[in-house]
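Engineer: Before I ask anything, let me first share the structure, which is written out below as structure tokens.
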Amino acid sequence: MEINRPEVLAEVVRAFDRYERALVGNDVAVLDELFWNSPHTLRYGVGENLYGWSAIADFRAARPAQGLARDVLRTVITTYGTDFATANIEFRREGSTKTGRQSQTWMRTSEGWRVVAAHVSLMSA
């Protein structure tokens with residue numbers, strides 16, 4: 001299996017960057033698009049466990065749009081072959097002393113790259 005094949009890595013980086021812009025801009029339509037529309041998709045958040053695309057979309061629709069800006073401190077994206085990738089970041093929300101961690105598992109689908117699993121957690125300062 002080839003790790004970080006340049007053209008595949010570039011595709012995932014573009015998808016991840018699109019996700020990040022949508023997240024801080026609260027573009028719910030793009031966020032919904034970039035999560036795999038499947039009951040198998042999951043997202044573990046800081047205060048919620050969401051199972052299935054519908055639960056994730058419902059959460060996004062109800063989430064406040066304030067306080068989304070953040071500084072990304074470190075990004076590690078790794079591709080495995082041509083259809084699977086992980087994206088992990090450390091971040092800090094504006095005005096917070098806590099470091100956040102976000103992990104995503106991406107899969108190539110017929111619609112393009114989609115998040116199939118995600119996890120967000122916070123560490124004390």
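The values are calculated or read from the model by the stated rules, or taken from the named source; none is laboratory data. Just so it is clear, the structure is predicted and the values come from calculations on it, not from any experiment. Neighbour counts are summed over all protein chains in view; Cβ atoms, including those assigned to glycine, are modelled from backbone coordinates with ideal geometry.
Engineer: If you go through the range 89-102 one residue at a time, do you hit one that is surrounded by 16 or more Cβ atoms within 10 Å (Cβ to Cβ), more than 24 Å from Ala125 (Cα to Cα), free of Cβ contacts under 8 Å to residues at least 24 places away in the same chain and not charged (D, E, K, R)?
Structural biologist: Looking through the range 89-102, none of the residues is surrounded by 16 or more Cβ atoms within 10 Å (Cβ to Cβ), more than 24 Å from Ala125 (Cα to Cα), free of Cβ contacts under 8 Å to residues at least 24 places away in the same chain and not charged (D, E, K, R).
Engineer: Go through the range 73-88 and count every residue that is assigned to a strand (DSSP E or B) and either surrounded by fewer than 13 Cβ atoms within 10 Å (Cβ to Cβ) or at pLDDT below 95 (or both).
Structural biologist: Of the residues in the range 73-88, 3 are assigned to a strand (DSSP E or B) and either surrounded by fewer than 13 Cβ atoms within 10 Å (Cβ to Cβ) or at pLDDT below 95 (or both).
Engineer: Given the criteria modelled with pLDDT under 95 and surrounded by 12 or more Cβ atoms within 10 Å (Cβ to Cβ), does Arg70 qualify?
Structural biologist: The answer is yes for Arg70.
Engineer: Take Gly112 and decide whether it is touching a residue at least 40 places away in the same chain (Cβ under 8 Å) and more than 11 Å from the chain's Cα centre (by Cα).
Structural biologist: The answer is yes for Gly112.
Engineer: Taking the options Pro64, Pro39, name whichever one is modelled with pLDDT of 95 or more and either part of a loop (DSSP other than H, G, I, E, B) or surrounded by 16 or more Cβ atoms within 10 Å (Cβ to Cβ) (or both).
Structural biologist: Pro39
Engineer: In the set Val120, Val30, Val46, which member is assigned to a strand (DSSP E or B) and either of a type in the set (A, V, I, L, M, F, W, C) or more than 22 Å from Pro6 (Cα to Cα) (or both)?
Structural biologist: After applying the criteria, what remains is Val120.
Here is a yes/no grid of residues against (1) within 27 Å of His40 (Cα to Cα); (2) not basic (Lys, Arg):
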| site | (1), (2) |
| --- | --- |
| Leu73 | no, yes |
| Thr78 | yes, yes |
| Asp83 | yes, yes |
| Phe91 | yes, yes |
| Gly95 | no, yes |
| Lys98 | no, no |
| Arg108 | yes, no |
| Trp113 | yes, yes |
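Engineer: Which ones in the range 1-27 are surrounded by fewer than 14 Cβ atoms within 10 Å (Cβ to Cβ) and part of a loop (DSSP other than H, G, I, E, B)?
Structural biologist: Correct list: Met1, Glu2, Asn4, Gly25.
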